[in-house]
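Participant: Take a look at this one; I'll ask things after.
The values are calculated or read from the model by the stated rules, or taken from the named source; none is laboratory data. In this text, all values refer to a predicted model and were calculated from it rather than measured experimentally. Backbone-built Cβ (ideal geometry, glycine too); neighbour counts: all protein chains shown. To get the accessible areas, we keep the full protein, side chains included, count just its heavy atoms, and leave off ligands, DNA and RNA. Shrake-Rupley method; radii C 1.70, N 1.55, O 1.52, S 1.80 Å.
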Amino acid sequence: MAFPAEPFRIKVVEPLKRVTPAERIRLLEQAGYNVFKLPSDSIYIDLLTDSGTSAMSDRQWAALMIGDEAYAGSRNFYRFQSTVRSIFGYEHVIPTHQGRMAENLLFGAVVKEGDIVPNNIHFDTTRANVEHQKAEAVDLVVREGLEPSHVAPFKGNMDVERLDHTLARHKGRVPLVLLTITNNSGGGQPVSVANARATAEVCRKHKVPLFFDACRFAENAYFVQQREPGYANKPVKDIAREMFSYGQGCTMSAKKDGLVNIGGFLAMNDGAWAEKVTQMLILVEGFPTYGGLASRDLEAMAQGLEEVLDEDYLSFRVGQVRDLADTLHAAGVPTVRPPGGHAVYLDARAFAPHIPPAEFPGQAIVVALYRDFGIRAVEIGSLMFGHADPATGVEAAPALELVRLAIPRRVYTSAHLRFVAESVIQIHRERESLRGLRIRHAAPYLRHFTADLEEVPPKPVHAG
Ligand SMILES: Cc1ncc(COP(=O)(O)O)c(C=O)c1O
């Protein structure tokens, strides 16, 4: 088969608007060439994020209708609790409105000033929540995890030797170790079960608990089944159970592999930690049987957590991302290899080498994708992570200039992604016409969300 066929049929449709090229140019100028500031109904295909953008199934929509909105003891909580226990295996299940609140509550309870928290790579909100406690977030991913063209099956793995060294060196200052599956900030790359086991052994040796950042746990388990020796015949649910058995708890943003638009949770075995977290939960989120959500959302989340382990779904999901990445690769478009589970990353530095990092090559591609085709992607490079040196005003560039095409779950068909592939290939063919951008106005923090940009005028050609 040329591309993965959808393991679902469509029962409800949402019309997509295709605004004219002239209108897109006007909207881009009005948005200061910043796609975060575009109205979403001017976008044909929106690949800004895979978070909270999933399509719910008929059963999830039906689940919303059996919400029991009791303040305490809602039946939906009990179903949710038993579903989480059956997949993750942890005793205490604490709902939150999304992943970062799970992080905030956990770190607020157990991390203190001067602590160190190791992870393969911290996601931005995880890092920010560690730093909010005045602790240090340390990334210890294996070396190949930072090399875009290095092909390896588990580029999300923890470097266990460096972890051992870190735990020995900072004895008494590490309250927990995290392992992010899949590793979003490293391109959605998976972690092997063997690596989780080895990480757990090092943690046990140093008597430090291991927690998973489990946002994309089902995609990770699917990669294990496909790639790790000894797992080909194991059901994905059993693989996930084994993975979680090596840890003492997890944080979860159900906006990813919970297949819902809002929701998250914390789960753990330690009763004393759970009690501390729950006290704070009541203060900032709500009663422990709803945790900042409507009870109907818990029912939809429980249903989503079961559906995400369906192997036909996972084969389609991971296959759809791989198919887009492979089509681009075959056409000579530079991408991060191998593709991860939830997104395709373009290597903007190799794509548009004539644009220096200070003129945001990734953003130039993002702008062209919207202007020419109505597709929204996101720059993960100098605009997002670079900053001007306060003394000289010169921009310092990050190691990688990427453009992320994040694929929402069950939202776009393979035909939509063919359109995306053809659009990217067309822009790549005409890459010499891409123009750099410069900042007109930017906030001091997280500038990519609100910055105003303008295109750099073409360089004058000097005669003689
Ligand atoms: C790995 C990882 N951890 C945590 C989060 C935070 O989750 P949320 O957006 O639900 O707060 C995200 C969101 O993208 C993520 O990818």
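Participant: Quick test of your reading of the structure: residue 361 fulfils all but one of (1) open to solvent by less than 10 Å² (accessible area, probe 1.4 Å); (2) touching a strand residue (DSSP E or B) at 6+ places or on another chain (Cβ under 8 Å); (3) farther than 30 Å from residue 4 by Cβ. Name the failing condition by number.
Facilitator: Residue 361 satisfies all of (1) open to solvent by less than 10 Å² (accessible area, probe 1.4 Å); (2) touching a strand residue (DSSP E or B) at 6+ places or on another chain (Cβ under 8 Å); (3) farther than 30 Å from residue 4 by Cβ except (2).
Participant: Quickly run through region 36-49 and pick out the residues that are in a loop (DSSP other than H, G, I, E, B) and either more than 18 Å from the chain's Cα centre (by Cα) or surrounded by fewer than 19 Cβ atoms within 10 Å (Cβ to Cβ) (or both). Give the derivation first.
Facilitator: First pass over region 36-49, keeping only residues in a loop (DSSP other than H, G, I, E, B): 38-39, 43-44, 47-49.
Answer for region 36-49, where residues must be in a loop (DSSP other than H, G, I, E, B) and either more than 18 Å from the chain's Cα centre (by Cα) or surrounded by fewer than 19 Cβ atoms within 10 Å (Cβ to Cβ) (or both): 38, 39, 43, 44, 49.
Participant: Going by what's in this entry, would residue 33 be described as open to solvent by less than 10 Å² (accessible area, probe 1.4 Å), touching a residue at least 60 places away in the same chain (Cβ under 8 Å) and either within 24 Å of residue 290 (Cβ to Cβ) or not in a helix (DSSP H, G or I) (or both)?
Facilitator: No; evaluated as a whole, the condition is false for this residue.
Participant: For residue 27, indicate whether it is open to solvent by less than 50 Å² (accessible area, probe 1.4 Å) and in a helix (DSSP H, G or I). Explain how you work it out, then say what you get.
Facilitator: Numbers: open to solvent by less than 50 Å² (accessible area, probe 1.4 Å): yes; in a helix (DSSP H, G or I): yes.
When the stated conditions are applied, residue 27 passes them.
Participant: Oh, and also: State all residues of region 406-452 that are surrounded by fewer than 19 Cβ atoms within 10 Å (Cβ to Cβ), assigned to a helix (DSSP H, G or I), of a type in the set (A, V, I, L, M, F, W, C) and more than 21 Å from the chain's Cα centre (by Cα); if no residue qualifies, say none.
Facilitator: Once the filter is applied, which keeps residues that are surrounded by fewer than 19 Cβ atoms within 10 Å (Cβ to Cβ), assigned to a helix (DSSP H, G or I), of a type in the set (A, V, I, L, M, F, W, C) and more than 21 Å from the chain's Cα centre (by Cα), region 406-452 yields 415, 419, 425.
Participant: Test residue 236 against the criterion of being in contact with an Asp or Glu (Cβ under 8 Å, 6 or more places away or on another chain) and either within 16 Å of the ligand (Cβ to nearest atom) or farther than 17 Å from residue 76 by Cα (or both), and give yes or no. Step through it out loud before you land on a result.
Facilitator: Numbers: in contact with an Asp or Glu (Cβ under 8 Å, 6 or more places away or on another chain): yes; either within 16 Å of the ligand (Cβ to nearest atom) or farther than 17 Å from residue 76 by Cα (or both): yes.
Yes, satisfied.
Participant: Among the residues of region 395-405, how many are over 30 Å from residue 310 (Cβ atoms), crowded, with 19+ Cβ neighbours inside 10 Å and of a type in the set (A, V, I, L, M)?
Facilitator: Matching residues across region 395-405 total 3.
Participant: Can you confirm whether region 71-92 contains a residue that is modelled with pLDDT of 95 or more and in a strand (DSSP E or B)? Working first, answer last.
Facilitator: The initial filter retains those residues of region 71-92 that are modelled with pLDDT of 95 or more, namely 71-92.
From the residues that got through so far, the ones that are in a strand (DSSP E or B) too are 92.
So far as region 71-92 goes, yes, one or more of its residues are modelled with pLDDT of 95 or more and in a strand (DSSP E or B).
Participant: Let me ask something else. Wholly within region 244-351, which strands (runs of 3 or more DSSP E) include no fewer than the required count, namely at least 1 residues that are open to solvent by 20 Å² or more (accessible area, probe 1.4 Å)?
Facilitator: Working: elements: 249-253, 264-268, 343-347.
Qualifying strands (runs of 3 or more DSSP E): 343-347.
Participant: Next question. For region 230-241, name all the residues that are outside any helix (DSSP H, G or I) and surrounded by 18 or more Cβ atoms within 10 Å (Cβ to Cβ).
Facilitator: Residues of region 230-241 outside any helix (DSSP H, G or I): 230-235.
Result: 231, single match.
Participant: Take region 99-127 and flag every residue that is of a type outside the set (A, V, I, L, M), farther than 19 Å from residue 255 by Cα and touching a Ser or Thr at 6+ places or on another chain (Cβ under 9 Å).
Facilitator: Step one: of region 99-127, the residues of a type outside the set (A, V, I, L, M) are 99-100, 103-104, 107-108, 112-115, 118-120, 122-127.
Filter once more, keeping what is farther than 19 Å from residue 255 by Cα: 107-108, 112-115, 118-120.
Within region 99-127, 107, 118, 119, 120 qualify.
Participant: Identify all residues within region 381-394 that are buried (at least 23 other Cβ atoms within 10 Å of the Cβ) and of a type outside the set (Gly, Ala, Ser); write none if there are none.
Facilitator: Of the residues in region 381-394, the ones buried (at least 23 other Cβ atoms within 10 Å of the Cβ) are 381-383.
Answer for region 381-394, where residues must be buried (at least 23 other Cβ atoms within 10 Å of the Cβ) and of a type outside the set (Gly, Ala, Ser): just 383.
Participant: Can you give me the number of residues within region 142-175 that are closer than 20 Å to residue 216 by Cα and among the hydrophobic types (A, V, I, L, M, F, W, C)?
Facilitator: Total meeting the criteria: 5.
Participant: Quickly run through region 260-281 and pick out the residues that are touching an Asp or Glu at 6+ places or on another chain (Cβ under 6 Å) and more than 11 Å from the ligand (Cβ to nearest atom). Quick ask: steps written out before the conclusion?
Facilitator: Quick first cut of region 260-281, residues touching an Asp or Glu at 6+ places or on another chain (Cβ under 6 Å) only: 263, 269.
The answer is 269, and nothing else.
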